Amino acid sequence: MRAAVVTSFGGPEAVRVVESEVPEPGAGQVRIKVAASALNPVDAAVREGVFGGAGQVIGLGWDVAGTVDAAGPATAWSAGDAVVALDHGMVKPLGAHAEYVVVPADAVARAPRTAGAAHAATLPLNALTAAQALDLLAVPEGGSLLVTGAAGAVGGYAVQLAAHRGIAVTALAREDDEELVRSLGAARFTGGAVRARSFDAVLDAAVLGERALAWVRDGGAYAGVIPHVEPAPERGVRVAAVEVAADGARLAELVRLVDEGVLTLRVAETYPLADVVKAHARLAEGGVRGRLVLVP
């Protein structure tokens, strides 16, 4: 099979498409024939060497939509099942940017009925990150939440999930994204002017750090999306950063919300796997609304 990997760190040109052995599922694992896989900022960070692994062959890609191709012992999945999954991990020989991928069976959920593979592939990593960050914040119904980077993939899902829970959401994004974030369910919008200590919680998808922490009321909560770079706690504010975990049951809940029209799946562009370098270059340009998706 073909797979996108890096063998040395650098810019988009560091990514290579190589021939690799088709992986075999073991006990409690399934092999998925990949129909689509989203390209995320974490893939660029792996490519640049942020997470280490020098001298290794490192696979890329966390999101997968496709069909079960084979299942190991002790799994409930069958060949032909249409699924989505999170292929979790920073430094690994193969990722989801490949023609086949093996994942734990409990990381898998049935694919949305209402979306094709390219759109479904935008769900696992970003929606699970948003949902698990909201869990950390524990904002009650009627509470106030500011989502920074609200037009991005994680931020957009966070806006929709929080609004669905009855939380009063204010979206922080660029001025020309106001219509978008309001369509996702934000009750209020700001392009940057935020009064200090004015929200019960902040979900900091834009990684503003201490600046965003200042907008949380005393005793409130702050959640970042990159572990170990969150600001130090102050004023009794609970500070945490989500470390996304594969969770097939939770992913199934998110799929249900897609099929109910609560969550919007956004694809910016699709690329064949052979053009993965072009996709990385487009991601590096910035300003992408929705996800870039690789289609093997």
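Would you please name the residue that is surrounded by the fewest Cβ atoms within 10 Å (Cβ to Cβ), looking only at residues in segment 20-43 that are closer than 18 Å to GLU269 by Cα and not aliphatic (A, V, I, L, M)?
Only one residue fits best here, namely PRO41.
Out of ARG289, ARG211, ARG188, report the one residue that is within 16 Å of the chain's Cα centre (by Cα) and open to solvent by 10 Å² or more (accessible area, probe 1.4 Å).
ARG289
Given the structure, is VAL288 farther than 17 Å from SER37 by Cα and either touching a residue at least 12 places away in the same chain (Cβ under 8 Å) or part of a loop (DSSP other than H, G, I, E, B) (or both)?
no
Does ALA196 satisfy the condition of being under 30 Å from GLY89 (Cα atoms) and of a type outside the set (Ser, Thr, Tyr)?
no
Filter segment 236-284 down to the residues that are among the small types (Gly, Ala, Ser) and over 18 Å from the mean Cα position of the chain (by Cα), then identify the one that is least open to solvent (accessible area, probe 1.4 Å).
ALA281
Counting only residues that are open to solvent by 40 Å² or more (accessible area, probe 1.4 Å) and not in a strand (DSSP E or B), which one in segment 60-74 is modelled with the lowest pLDDT?
That would be ALA74.
Restricting attention to segment 38-51, does a residue exist that is among the small types (Gly, Ala, Ser) and within 17 Å of PRO104 (Cβ to Cβ)?
No, because not a single residue in segment 38-51 is among the small types (Gly, Ala, Ser) and within 17 Å of PRO104 (Cβ to Cβ).
If you check VAL57, VAL46, which single one turns out to be open to solvent by less than 20 Å² (accessible area, probe 1.4 Å) and without any contact (Cβ under 8 Å) to a residue 60 or more places away in the chain?
VAL46
The values are calculated or read from the model by the stated rules, or taken from the named source; none is laboratory data. The shown structure was predicted, so the numbers you read here are calculated from the model rather than taken from an experiment. All Cβ positions, glycine included, derive from the backbone under ideal geometry; neighbour counts span all protein chains shown. For accessibility, only protein heavy atoms count, side chains too; no ligands or nucleic acids. Shrake-Rupley method; radii C 1.70, N 1.55, O 1.52, S 1.80 Å.
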